1. How many residues, within the stretch 98-150, are more than 20 Å from Val65 (Cβ to Cβ), in a loop (DSSP other than H, G, I, E, B) and not aromatic (Phe, Trp, Tyr)?
2. Let me spell it out: the conditions are (1) assigned to a strand (DSSP E or B); (2) modelled with pLDDT under 80, and Glu79 meets all of them except one. Which number is the exception?
3. Do we find a residue being part of a loop (DSSP other than H, G, I, E, B) and surrounded by 12 or more Cβ atoms within 10 Å (Cβ to Cβ) anywhere in the stretch 84-97?
4. Does the stretch 45-68 hold any residues that are surrounded by 17 or more Cβ atoms within 10 Å (Cβ to Cβ) and among the hydrophobic types (A, V, I, L, M, F, W, C), and which are they?
5. Find all pairs meeting these conditions: Cβ atoms under 8 angstrom apart; at least six residues apart or on different chains; first residue within the stretch 131-149 and under 28 Å from Val119 (Cα atoms); second residue of a type in the set (S, T, N, Q) and part of a loop (DSSP other than H, G, I, E, B).
6. Can you tell me which residues in the stretch 126-143 are in contact with a strand residue (DSSP E or B) (Cβ under 8 Å, 6 or more places away or on another chain) and either modelled with pLDDT under 85 or basic (Lys, Arg) (or both)?
7. Conditions first: (1) in a loop (DSSP other than H, G, I, E, B); (2) modelled with pLDDT under 75; (3) of a type outside the set (Lys, Arg). Pro58 passes all but one, so which condition is the exception?
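The values are calculated or read from the model by the stated rules, or taken from the named source; none is laboratory data. Quantities reported herein were computed from a predicted structural model and do not represent experimental measurements. No Cβ is skipped: glycine too gets one built from the backbone with ideal geometry, and neighbour counts run over all protein chains shown.
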Amino acid sequence: MAIQKWDPFYEIDRLHEEMDKVFNGGWQVRRASGTPSCAVPVDILESPREVLIKVELPGVNPADVEVKVEDGVLSITGEKKPESVDEKKEGPQYLRVERYYGRFSRSFVVPRYVDSAAVQAEYEAGILTLKLPKREETQPRKIDVKVKAR
């Protein structure tokens, strides 16, 4: 029998994934089964021209974040590293650590109406914003009505 690290958020993540499937239609969350991960919160917004994904990553160095689109799946992975404290020197010592440190990963199935080749990523004030433009052919367009004279 193998010993597995207990993940207190596993059942919450599983329930969250099921609720996403019910309410978000094409935006299904994908999780690597059995892999504990940080619950990185995201907001997904949609406008007529694009889809925005805002990922909350406070304290994460942008150089430690990787965003990629492959085979119709958008993946966000990275690592939040703890602050180093020298226990041999005098100074602040940790009494309690409640913030999560370590690797995180979120993956989403990208709908067909998104142009995967034009995804853009910006990081500002602890928020990673991903802009996923919609394909031109899926954009609403105005059709002119021609009036014929009798």
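1. Looking only at that region, the number is 17.
2. Among (1) assigned to a strand (DSSP E or B); (2) modelled with pLDDT under 80, the lone unmet condition for Glu79 is (2).
3. To start, the set of residues in the stretch 84-97 that are part of a loop (DSSP other than H, G, I, E, B) comprises 84-97.
Filter once more, so that each one left must be surrounded by 12 or more Cβ atoms within 10 Å (Cβ to Cβ): none.
Within the stretch 84-97, none of the residues are part of a loop (DSSP other than H, G, I, E, B) and surrounded by 12 or more Cβ atoms within 10 Å (Cβ to Cβ).
4. First, pick out the residues of the stretch 45-68 that are surrounded by 17 or more Cβ atoms within 10 Å (Cβ to Cβ): 50-51, 53, 55, 57, 60, 65, 67.
Listed by number, the residues that qualify are Val51, Ile53, Val55, Leu57, Val60, Val65, Val67.
5. The qualifying pairs do not exist here.
6. At the first step, the residues of the stretch 126-143 found to be in contact with a strand residue (DSSP E or B) (Cβ under 8 Å, 6 or more places away or on another chain) are 126-135.
If the condition is that a residue be in contact with a strand residue (DSSP E or B) (Cβ under 8 Å, 6 or more places away or on another chain) and either modelled with pLDDT under 85 or basic (Lys, Arg) (or both), then Lys131, Lys134, Arg135 are the ones that fit.
7. The one condition Pro58 does not meet is (2).
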